[in-house]
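*Asks:* Dumping the structure here so I can ask a few things about it.
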Amino acid sequence: MIVNIILLAFLLTTAVYISRITILFGAVMIYGIYSLLCATMFVVLDAVDVAFTEAAVGTGISTILMLSALSLTGSRIEITHKRKPIMALCASLGLGAALLWGTSDMPHFADASAPANLHVAPYYLEESSEQIGIPNVVTSVLASYRGYDTLGEVVVIFTAGIGVISLLGRTTRRRED
Amino acid sequence: MIAATLIAVMIGMVLLLARAFIGPTIFDRILAINNFGTKTVIVLALYGFVTERPDFLDIALVYALCNFIVTIAVLKYFEYGDLGHTGKQPKDEIS
Amino acid sequence: MKSTLALLLFLSIFWLALSGHYSGLLLGLGFASCLWVALIARRMDVVDHGGLPVQKWSLRIFTTFFIYLMWLGKEIVLSSIAVARMILSNGARVRPEVIQLSVEGMNDMEKVIYANSITLTPGTLTVDVDGDWLNVHTVRGDLLEPLKRGDMANRVRRIYNRSGKQL
Amino acid sequence: MIEIVFLILRDVCLFIGALFVLVGSLGVLRFPDFFSRIHATGITETVGIAFIFAGLIVEVGYSLTSLKLLIILVFVFFTSPTSSHALAKTAIHAGLVPLTHKGGNQPSN
């Protein structure tokens, strides 16, 4: 419990700091800490697979992607906070309040009688290791029960990756000429 | 005792966050973040033991790997200004 | 080819140590992924050709290396205590210094072990390697005394059983 | 009897480790310049993590878990000097000059 509170406090301070910092590079760096904290939070919430993804993608790849974006654009300019966006603050506060109000209707964390835990989840938990032979239930759900769905996602991501590579590849070739 | 150690490491994280926020140079931030990552590895390992599920150690391992790669990538960006650089030509010839 | 096979072997052992599941399907999948990684590494030409341990490293070197690690561990604990006391005394005793140490006559592997050992010991830090010279930064001059006397350098040389001459 | 010894050993290891981690973090905050702060992080990344993980290994005994702990430990030991060295080198190349008590004692590179 106290771990939850400390982690949330860390997340909040980091988020506020990222929004206040004026150096883009510093923001990218602190964002790495934010990802680390996020992933620790996922571990605390028992979502181990999500934590794995966040550790690899959030901390590793996205920091490097942002760095390459910075190095491609060559942007080392400091941002200046000129305007005071009161309207935006009000809008986000309102949205946050609405979301908080919405969560009050949701079942509690790890509630065994929640609708999501009554439908097919018990079946997966009991049968999947015999049917598929993979010890991790999440993997067998993703790769077997929802295999077509995952295949579609992979195709989309693959296409996006090819698009990005073709865009970036062109610029580097032009630079070499 | 494990829980107490967990809390102690988290207090250490607070100190490092302070260093990451006040800087003053960019390298201080990178240093603080690198050390923060190491502390996250410790926290994950300890947390697995507090909740009596030490299987979570795999994540700690991935963290240790990512932490190292990110630090090296960031420093490479700083040294050469380009992540695709092979490190064979000196800095001045690129830009 | 030999290094790729060594990489494959290492990856497989690593996978076995981490997975903890030993059914036929999972073993096959694990080996397949190890093979895939080794092939990609070979194609990308990132296989480390110099670091194959079976050629040069006999069992004796492993024992001497182990003894060295024990000694290094002791040194690390001692200098950590020194640095910790410095921190607790409000940084008053911090006297940063940069000096150059000679690593003349060491081969590359010894230089790597030596420089990394210096960095691993809290209080001393290898900033730069410049041919036969190491730039070493320290928080307080007297932490460098054992290095200046060449204790660590001699022990590093002794791993490969070469004469530990004085610097 | 032997269990109590192990329990005490574990707690002592964890206590020492936590102490070193705390002191190291304090050093990162307290030391006057960037290069001295690297030394302070070195405490966490060597002695701190080693003692804490040693305590955890004592807790689990012989198992796959302690093997994993050992692997992480070895990995951190291999990477932490590399990243400290890379940090210091990059900082020097970027023009950051180490603070020295004599003044003017700068490294040539």
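Bear in mind these aren't lab numbers, they're just calculated from the coordinates by the rules spelled out. In this text, all values refer to a predicted model and were calculated from it rather than measured experimentally. Note that we place each Cβ from the backbone using ideal geometry, even for glycine, and neighbour counts take in every protein chain shown.
*Asks:* Please identify, among C:Ala41, C:Ala17, C:Ala84, the residue showing maximal mean-square fluctuation in a Gaussian network model of chain C using a 10 angstrom Cα cutoff.
*Replies:* Among C:Ala41, C:Ala17, C:Ala84, the largest GNM mean-square fluctuation belongs to C:Ala17.
*Asks:* Build a GNM of chain C with springs between Cα atoms under 10 Å: which of C:Leu125, C:Leu26, C:Leu101 gets the top mean-square fluctuation?
*Replies:* Result for chain C, Cα springs under 10 Å: C:Leu26 fluctuates most.
*Asks:* Follow-up. Using modelled backbone amide H atoms (1.01 Å from N, in-plane), which distant-in-sequence or interchain residues come within less than 5 Å of C:Asp128's amide H?
*Replies:* Result for C:Asp128 returns C:Asn135.
*Asks:* If you don't mind, there's one more thing I want to ask. HN-Hα J couplings of segment C:124-137 from phi, Karplus 6.51/-1.76/1.60, θ = phi - 60°, integer Hz, Gly and Pro as x?
*Replies:* 10, 8, 7, 7, 8, 10, 10, x, 9, 10, 10, 8, 10, 9
*Asks:* Related question: Assuming 1.567 mPa s and 4 °C, estimate D for segment A:32-153 with Stokes-Einstein, Rh taken as the Kirkwood radius over Cα pairs, in µm²/s.
*Replies:* 69
*Asks:* Now, a different point. Longest span of chain C, sites excluded, free of trypsin sites (Lys or Arg not before Pro) in DSSP loop with at most 14 other C-beta atoms within 10 Å?
*Replies:* Value returned for the longest uninterrupted segment is C:1-92.
*Asks:* Taking amide H atoms as placed 1.01 Å from N in the peptide plane, list the residues 5 or more away in sequence, or in a different chain, whose amide H sits under 5 Å from that of C:Val103.
*Replies:* Residues meeting the criterion, in which the H sits 1.01 Å from N, are C:Trp133, C:Leu134.
*Asks:* Report the GluC sites (Glu not before Pro) located in segment C:76-123 that are in a DSSP loop and have at most 12 other Cβ atoms inside 10 Å of their Cβ, or state none. Show your work: numbers first, answer last.
*Replies:* On the way: sites: C:Glu97, C:Glu104, C:Glu110; in loops: C:Glu104.
Taking segment C:76-123 and a limit of 12 other Cβ atoms within 10 Å, the loop GluC sites (Glu not before Pro) found are C:Glu104.
*Asks:* What fraction of the Cα pairs in segment C:57-159, stated in percent, has a spacing above 16 angstrom?
*Replies:* The calculated P(r) of segment C:57-159 puts 57 percent of pairs beyond 16 Å.
*Asks:* Tell me, what ³J(HN,Hα) does each residue in segment C:7-17 have, in order and in whole Hz, if you take phi through Karplus 6.51 cos²θ - 1.76 cosθ + 1.60 with θ = phi - 60° and put x for Gly and Pro?
*Replies:* 4, 4, 4, 4, 4, 5, 4, 4, 4, 4, 5
*Asks:* Using a simple spin-label model with points 7 Å from Cα along the Cα→Cβ vector, what separation in nm is obtained for C:Asn107 and C:Met1?
*Replies:* The two pseudo-label positions are separated by 2.5 nm.
*Asks:* Once you list every other residue whose beta carbon is under 12 Å from the beta carbon of C:Trp36, what net charge do they have if Lys and Arg are +1 and Asp and Glu are -1? Please report the intermediate quantities before stating the final value.
*Replies:* Details: positive: C:Arg42, C:Arg43; negative: none.
Net charge around C:Trp36: +2.
*Asks:* If you project the alpha carbons of segment D:2-93 onto the principal axes, what extent comes out on each, in Å, largest first?
*Replies:* Principal axes ranked by extent give 53, 26, 11 Å for the Cα atoms.
*Asks:* Still on this model: Test of the criteria: in segment A:45-151, which trypsin sites (Lys or Arg not before Pro) are in a DSSP loop and have at most 11 other Cβ atoms within 10 angstrom of their Cβ?
*Replies:* Hits after loop and neighbour filter: A:Arg76, A:Lys82, A:Arg83.
*Asks:* Can you tell me the Rg and the Dmax, both Å, for the Cα atoms in segment A:1-79?
*Replies:* 13.9, 44
*Asks:* Sticking with this one: Could you tell me which of rounded, prolate or oblate describes the protein assembly as shown, using a ≥ b ≥ c as the square roots of the eigenvalues of the alpha-carbon gyration tensor, with rounded for a/c under 1.5 and, failing that, prolate when a/b is larger than b/c and oblate otherwise?
*Replies:* Judged from the Cα gyration tensor, the protein assembly as shown comes out rounded (a/c under 1.5).
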